[in-house]
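The values are calculated or read from the model by the stated rules, or taken from the named source; none is laboratory data. Computed from a predicted structure; not experimentally measured. Here the Cβ is made from the backbone with ideal geometry for all residues, glycine too, and neighbour counts use every protein chain on show. Just the protein is used for accessible areas: all its heavy atoms, side chains included, with ligands, DNA and RNA removed. Shrake-Rupley method; radii C 1.70, N 1.55, O 1.52, S 1.80 Å.
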Amino acid sequence: MAKLNPKSLNLQGSRGGMPDITPEDVAGALGLACSRGPGPRLAVLVVALRWWPGLMDGVQKTVGHRTIVHHINTRDRAANGRPLRKAVVEKIPIEAPAESPSFRFVAQIVATKLHGRFSRHYRAESTPRARGDIQPRLPDGLYARVTNPVTAAAWARVVIAEFRHPRHCTTCTPWGRAGQVPVPVEEHGKVIEVRWDTCPNCAGAGALSWGSGRRAQALGIRRQDFANHMADTHEAALTLLRELEWRGVRFIKRCL
């Protein structure tokens, strides 16, 4: 995907100094890939979600304010002759991009995946009660909270945030190939070649998970509850986004 970034285009092409891949080519490939059906369109949107955030984010809007206190000197003097200080409170607006229709479409897909997998998993492990009701084996109130559409939507946005801002693997990322590490092949005490193997730290993903603590904090849920009952569903949703990303990359490359 770095080759599709306008900042990394080869400006020393063979066609009179023109780049090999122009922004017009990328725009045309995106449009052609999206026109091939709902599946390719969703995959391309997931690629844009990671690599072209400006395409998926809406206009900037104010989401809150940050308070800063400035202490300034006044003309009044204290008994010791020093100027008196006055606190001036300044509120600075905090802006964040609004959600575009394309972003909400992807978030809805992820929320449906989370809600469906979580519900099916714990309904299958449920225990019949005396009146015939089926209640999942979960802490009190957790099932109703997680299956609530509002919580599912918030959970989907946490998954998307982790997908867009991964914690890069420190083992394979410095080598320039995400998910792979160089392994020297020796013969008679000399290195004859270098073989690229799957990174043992990230299992070839190129990124590490946020961890249950950070995920649970983003949702406002106890870390132990998230690790015991929600971590597998979270990983499944992340895997879905990564698979769609690679599928979208293949669609775009075919159209270039």
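Of all the criteria given as (1) more than 19 Å from T151 (Cα to Cα); (2) open to solvent by less than 60 Å² (accessible area, probe 1.4 Å), the one not satisfied by I192 is (2).
Yes/no matrix, rows are residues, columns are (1) more than 22 Å from P139 (Cα to Cα); (2) of a type outside the set (F, W, Y); (3) modelled with pLDDT under 85; (4) part of a strand (DSSP E or B):
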{"position": "G204", "(1), (2), (3), (4)": "yes, yes, yes, no"}
{"position": "Q224", "(1), (2), (3), (4)": "no, yes, no, no"}
{"position": "N228", "(1), (2), (3), (4)": "no, yes, no, no"}
{"position": "E245", "(1), (2), (3), (4)": "yes, yes, no, no"}
{"position": "R250", "(1), (2), (3), (4)": "yes, yes, no, no"}
{"position": "R254", "(1), (2), (3), (4)": "yes, yes, yes, no"}
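When G58 is tested against (1) in contact with a Phe, Trp or Tyr (Cβ under 8 Å, 6 or more places away or on another chain); (2) not in a strand (DSSP E or B), exactly one condition is not met: (2).
Take A98 and decide whether it is over 33 Å from the mean Cα position of the chain (by Cα) and either loosely packed, with under 10 Cβ neighbours inside 10 Å or assigned to a strand (DSSP E or B) (or both). I'd like the intermediate steps shown before the answer.
Numbers: over 33 Å from the mean Cα position of the chain (by Cα): no; either loosely packed, with under 10 Cβ neighbours inside 10 Å or assigned to a strand (DSSP E or B) (or both): yes.
Against the criterion (over 33 Å from the mean Cα position of the chain (by Cα) and either loosely packed, with under 10 Cβ neighbours inside 10 Å or assigned to a strand (DSSP E or B) (or both)), A98 does not qualify.
Remark: pairs (first residue in region 21-37, at negative phi; second residue among the small types (G, A, S); Cβ separation under 8 Å; 6+ apart in sequence or on different chains) = L30/A48; A33/A43; A33/G248. Exactly one residue among R50, R123, R117 is part of a helix (DSSP H, G or I), farther than 20 Å from R250 by Cβ and at pLDDT 80 or above, and that residue is R117. Would you please list the contacts, defined by Cβ atoms under 9 Å and residues six or more apart or on different chains, that run from a residue in region 74-93 that is surrounded by 10 or more Cβ atoms within 10 Å (Cβ to Cβ) to a residue that is acidic (D, E)? Short answer, once both residue conditions are applied: P83/D76; L84/D76; K86/D76. Against the criterion of being open to solvent by 80 Å² or more (accessible area, probe 1.4 Å) and in contact with a strand residue (DSSP E or B) (Cβ under 6 Å, 6 or more places away or on another chain), H65 qualifies. Under the condition of being assigned to a helix (DSSP H, G or I) and modelled with pLDDT under 85, which residue from region 128-180 is nearest to the chain's Cα centre (by Cα)? Per the stated criteria, the residue is T173. Only one entry in R247, R222, R167 is in contact with a strand residue (DSSP E or B) (Cβ under 7 Å, 6 or more places away or on another chain) and of a type in the set (K, R), namely R167.
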